[in-house]
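Engineer: I'd like to ask some things about the structure below.
The values are calculated or read from the model by the stated rules, or taken from the named source; none is laboratory data. Quick caveat, the model's predicted, so the values are computed rather than measured. Cβ sites come from the backbone with ideal geometry, for glycine too, and all protein chains shown count toward neighbours. When the accessible area is computed, the model is the full protein with side chains, heavy atoms only, and any ligands, DNA or RNA have been set aside. Shrake-Rupley method; radii C 1.70, N 1.55, O 1.52, S 1.80 Å.
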Amino acid sequence: MTVGEALAASGVESREARLLLAHATGFSAAAVVAFPERELSAEAAARFAAFAERRRGGEPVAYIVGEKEFYGLLLAVNPAVLIPRPETELLVDLALERQFSAAVDLGAGCGAIALALKHERPDARVVAVEASAAALEVARRNALRLGLRVEWRHGRWCEPLAGERYDVIVANPPYVSEGDAHLAALAYEPRHALVAGSDGLDAIRALVAQAPEHLTAGGWLLLEHGEGQEAAARRLLEQAGLEEVQTWPDLAGIPRATGGQR
């Protein structure tokens, strides 16, 4: 079987099929495109067929290949962690627009935000908090592989931060509502990292209740949220006494992050 024949028979969207084939064979992505006549070994063809079957069953490509790029960093991922999304890079951009010597990422997952901040601001102290021990292990391994020194804390939201203050607090908390129609397409990802009560705001409420006391004077709390949640997020930040409260859109124009300053 050739590269071209395997791709045509895969039943997978072409871009994803090329990525899966590259991982199954060790070929570069460019080689997969450039040499469709190249013969596959029986082992590589079988490995690709297994990958394609998993993808047709709905498993995300990132879990099949075990990695996902975020802010220019290649991160290991598995079903213990949420797959990093491009829109979450907005939180990193917003944090980097602010001066900080100490930042904390709450609900770190695979470590995407914390590692991106440390990579861009190597002299800053970066702390990351994660409630899932399995996710924290993925994050630690990513940091070790990338050579980035982040302080990892096991716990829920601000619980492991007693007596500490930060210039920037960032969080991409769960914000999907129970029963949301989109959950069916997210079945392979950890539910605890997605769902936050009947209106999707339970985690944001908990964060806003805890985080302000851990901000330095002039420090910023920056939160990701879902479409249609921006007004509620702003209201919660204002009720918590934060100032300069505002919302920023992602590249698709969807209101995606809201923040406020102490």
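Engineer: Between TRP152, ALA181, PRO79, whose Cα lies farthest towards the positive end of the dipole of the chain when Lys and Arg beta carbons carry +1 and Asp and Glu beta carbons carry -1, centred on the Cα centre?
Structural biologist: Projecting each Cα onto the dipole axis, the largest value belongs to TRP152.
Engineer: Which value in deg cm²/dmol, rounded to the nearest 500, describes the helix-derived mean residue ellipticity at 222 nm for the chain, given -39,500 (n - 2.57) per DSSP H run of n ≥ 4 and division by the residue count? Each step should come with its number before you reach the end.
Structural biologist: On the way: 10 runs with 95 residues, N = 262.
It lands at -10500 deg cm²/dmol.
Engineer: So, one more: Over the chain, what is the relative contact order in whole percent, taking alpha-carbon pairs under 8 Å and six or more residues apart?
Structural biologist: Details: 487 pairs, mean separation 35.7, N = 262.
Relative contact order comes out at 14 percent.
Engineer: Keeping every protein chain in place, order THR25, THR88 by accessible area at 1.4 Å, biggest value first, i.e. largest first. Kindly include the intermediate steps, with their values, before the conclusion.
Structural biologist: Working: THR25 30, THR88 10 Å².
Highest to lowest solvent-accessible surface, that is THR25, THR88.
Engineer: Sort out for me the Cα centre separation of segment 33-111 from segment 192-262, rounded to whole Å.
Structural biologist: One Cα centre to the other: 26 Å.
Engineer: Related question: Just the C-alpha atoms of segment 105-245: what Rg/Rh do they give, with Rh taken as the Kirkwood radius? The partial results should precede the final answer.
Structural biologist: On the way: Rg = 15.2 Å, Rh = 15.7 Å.
Across segment 105-245, the Cα-based Rg/Rh ratio is 0.96.
Engineer: If ligands, DNA and RNA are left out, what is the accessible area of ASP123 with a 1.4 Å probe, given in Å² to the nearest 10?
Structural biologist: Per-residue accessible area (ASP123): approximately 150 Å².
Engineer: Determine the relative contact order of segment 74-191: mean sequence separation of Cα pairs under 8 Å and six or more apart, normalised by residue count, in whole percent. Please list the in-between numbers first.
Structural biologist: Values: 187 pairs, mean separation 37.8, N = 118.
Taking the mean separation of contacting Cα pairs over the length of segment 74-191, I get 32 percent.
Engineer: Quick one: pull the percent of accessible area on the chain belonging to carbon and sulfur, 1.4 Å probe, ligands and nucleic acids left out.
Structural biologist: 51
Engineer: Tell me, what is the 1.4 Å probe accessible area of HIS182, in Å² to the nearest 10?
Structural biologist: 130
Engineer: Using Cα-Cα distances under 8 Å and only pairs 6 or more residues apart, what relative contact order does segment 175-240 have, in percent? Could you put the intermediate results ahead of the total?
Structural biologist: Working: 48 pairs, mean separation 22.6, N = 66.
34 percent.
Engineer: Averaging over all projection directions, find the projected area of the Cα convex hull of segment 73-184 and quote it in nm² with one decimal place.
Structural biologist: Working: hull surface 29.1 nm².
That works out to 7.3 nm².
Engineer: Using a 1.4 Å probe, what is the accessible area per residue for segment 96-202, in Å²? Mind dumping the intermediate values first?
Structural biologist: Numbers: 4900 Å² over 107 residues.
Accessible surface, normalised per residue, equals 46 Å².
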